[in-house]
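Everything below concerns the one structure shown next.
Since every read-out is calculated from the coordinates, none of them should be taken as a lab result. Everything numeric in this text was worked out from a predicted model, so none of it was measured. Cβ sites come from the backbone with ideal geometry, for glycine too, and all protein chains shown count toward neighbours.
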Amino acid sequence: MEIDILDFIEQCRDLAKQALGKHAGEPASGGFARWVHVVLHCFRVEESHSYRETPNRLKYMAEVRDVLDLDRDDLPDHTTLYKSFDRLKMWV
């Protein structure tokens with residue numbers, strides 16, 4: 001089944017905020033909200049790309065960045081994503 005990536009990102013955002021509750025907006029490592037880290041991991045897994053590829057792909061996906069409230073020049077580094085994955089496992 002093919003899925004529209006923007007719809008997928010929006011659904012992940014809503015579910016992540018719901019699951020994280022009051023902790024959703026708190027910055028995780030790298031200064032980004034926890035829900036953003038969760039959604040970026042969902043995006044990475046759904047699209048089957050590496051941690052290193054994630055910020056590069058986001059540079060060219062303005063609509064996805066808009067949903068995530070991210071600026072093109074202020075994307076999380078791939079190492080930030082990698083490290084946050086282990087930290088957030090227990091929250092989701």
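When the range 36-63 is filtered for residues that are surrounded by 18 or more Cβ atoms within 10 Å (Cβ to Cβ) and among the hydroxyl-bearing types (Ser, Thr, Tyr), the ones remaining, listed by number, are Tyr51, Thr54.
For the range 40-92, a residue qualifies if it is among the hydroxyl-bearing types (Ser, Thr, Tyr), assigned to a helix (DSSP H, G or I) and over 20 Å from Arg13 (Cβ atoms), and the qualifying residues are Thr79, Tyr82. One residue is enough: does the range 15-23 have a residue meeting the conditions more than 16 Å from Leu81 (Cα to Cα), free of Cβ contacts under 8 Å to residues at least 12 places away in the same chain and surrounded by 14 or more Cβ atoms within 10 Å (Cβ to Cβ)? Yes: the range 15-23 contains one or more residues that are more than 16 Å from Leu81 (Cα to Cα), free of Cβ contacts under 8 Å to residues at least 12 places away in the same chain and surrounded by 14 or more Cβ atoms within 10 Å (Cβ to Cβ). Of the residues making up the range 30-39, just one is in contact with a helix residue (DSSP H, G or I) (Cβ under 8 Å, 6 or more places away or on another chain) and not in a helix (DSSP H, G or I), namely Phe32. Residues in the range 62-83 that are out of contact with any Asp or Glu (no Cβ under 9 Å at 6 or more places or on another chain) and free of Cβ contacts under 8 Å to residues at least 24 places away in the same chain: Ala62, Asp66, Asp71, Arg72, Asp73, Asp74, Leu75.
Of all residues in the range 34-52, those that are in contact (Cβ under 8 Å) with a residue 24 or more places away in the chain and farther than 16 Å from Asp4 by Cα total 8.
I'd like the residue in the range 1-14 that is without any contact (Cβ under 8 Å) to a residue 24 or more places away in the chain and not in a helix (DSSP H, G or I) and, out of all such residues, is nearest to Asp77 (Cα to Cα). The residue in question is Asp4.
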